[in-house]
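Following: one structure in structure tokens, then a few remarks.
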Amino acid sequence: MYILSKDKKILIQFGGDDGFTMLNVTRNFGGKDKYAITAGGTQVMGTYPEEKNALDELAKILEALEEGRNTYTMN
């Protein structure tokens, strides 16, 4: 599945032989938003003011994967 970042500037391939295999919520240091979703622990895909917002977005990505969608645009 391809995932477009929240700011619409980054497109990653998630899964498959050549794609990222991990999305995680991390503490974001140095920005107005306190939490981030990262791909592979390094690529920031979106930032959020509260951890719950980031976890909700991660749940939506999981839902899209379970539905077999080919693309997902982060909000």
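Gaussian network model of the chain, Cα springs within a sub-10 Å range: biggest mean-square fluctuation belongs to which of 60, 32, 52?
Comparing 60, 32, 52 in the GNM, the peak value goes to 32.
Run through the stretch 44-75 and list the GluC sites (Glu not before Pro) located in a DSSP loop whose Cβ has at most 15 other Cβ atoms within 10 Å.
Working: sites: 50, 51, 57, 63, 66, 67; in loops: 50, 67.
In loop regions of the stretch 44-75 (DSSP not H, G, I, E or B), the sparsely surrounded GluC sites (Glu not before Pro) are 50, 67.
What share of the DSSP beta bridges in the chain is antiparallel, in percent to the nearest 5?
Values: 13 of 17 bridges.
Among the beta bridges of the chain, antiparallel pairing accounts for roughly 75 percent.
Can you tell me the equivalent ellipsoid semi-axes for the chain? Use √(5λ) from the Cα gyration tensor, largest first, whole Å.
Details: eigenvalues 80, 33, 22 Å².
The answer is 20, 13, 10 Å, longest axis first.
Run the numbers for residue 70 and residue 43: contour at 0.36 nm per residue of separation, minus the present Cα-Cα distance, in nm. Spell out each step's value before the answer.
Details: separation 27, 0.36 × 27 = 9.72 nm, distance 2.00 nm.
That pair, residue 70 and residue 43, stretches by 7.7 nm at full extension.
What number, rounded to the nearest 500 deg cm²/dmol, is the helix-based mean residue ellipticity at 222 nm of the chain, given -39500 (n - 2.57) per DSSP H run of at least four residues and division by all its residues?
Taken over the chain, the calculation gives -7000 deg cm²/dmol.
Only Cα pairs under 8 Å and at least 6 apart count here; give the relative contact order of the chain as a rounded whole percent. If you can, show how the numbers build up before the last one.
Details: 131 pairs, mean separation 24.4, N = 75.
It comes to 32 percent, rounded to a whole number.
Keeping all protein chains in place, calculate the accessible area per residue for the chain (probe 1.4 angstrom), answer in Å².
Details: 4820 Å² over 75 residues.
Dividing the accessible area of the chain by its residue count gives 64 Å².
List, in order, the whole-Hz ³J(HN,Hα) value for each residue of the stretch 44-49 obtained from phi through the Karplus relation with A = 6.51, B = -1.76, C = 1.60 and θ = phi - 60°; use x for Gly and Pro.
Each residue's phi maps through the Karplus curve to give 6, 9, x, 10, 9, x Hz.
Could you give the length gained on full extension between residue 29 and residue 2, defined as 0.36 nm per residue of separation minus the Cα-Cα distance, in nm? Intermediate values should be presented prior to the final figure.
Details: separation 27, 0.36 × 27 = 9.72 nm, distance 2.65 nm.
Taking 0.36 nm per residue and subtracting the Cα distance, the gain is 7.1 nm.
Based on a Kirkwood Rh over C-alpha pairs, give the Stokes-Einstein translational diffusion coefficient of the stretch 35-75 at 37 °C and viscosity 0.692 mPa s in µm²/s. Present the calculation step by step, with values, prior to reporting the outcome.
On the way: Rh = 10.7 Å.
Translational D for this selection: 307 µm²/s.
What residues have an amide H closer than 5 Å to that of residue 45, excluding those fewer than 5 places away on the same chain, when H is modeled at 1.01 Å from N in the peptide plane?
Close amide H contacts, sequence-distant or interchain: 37, 38, 39.
What dipole magnitude, in Debye to the nearest 20, does the chain give about its Cα centre under +1 on Lys/Arg Cβ and -1 on Asp/Glu Cβ? Before the final figure, lay out each step's value.
Details: 9 positive and 11 negative charges, 72 e Å.
In total the dipole reaches around 340 debye.
For the chain, with all protein chains present and a 1.4 Å probe, just round the carbon and sulfur fraction of the accessible area to a whole percent. Provide the component values of the computation, followed by the final result.
Numbers: 2360 of 4820 Å².
The value for the chain is 49 percent carbon and sulfur by accessible area.
The values are calculated or read from the model by the stated rules, or taken from the named source; none is laboratory data. It should be emphasised that the depicted structure is a prediction, and the values quoted were computed from it without experimental measurement. Heads up, the Cβs are rebuilt from the backbone with ideal geometry, glycines too, and the neighbour counts pull from every protein chain shown. When the accessible area is computed, the model is the full protein with side chains, heavy atoms only, and any ligands, DNA or RNA have been set aside. Shrake-Rupley method; radii C 1.70, N 1.55, O 1.52, S 1.80 Å.
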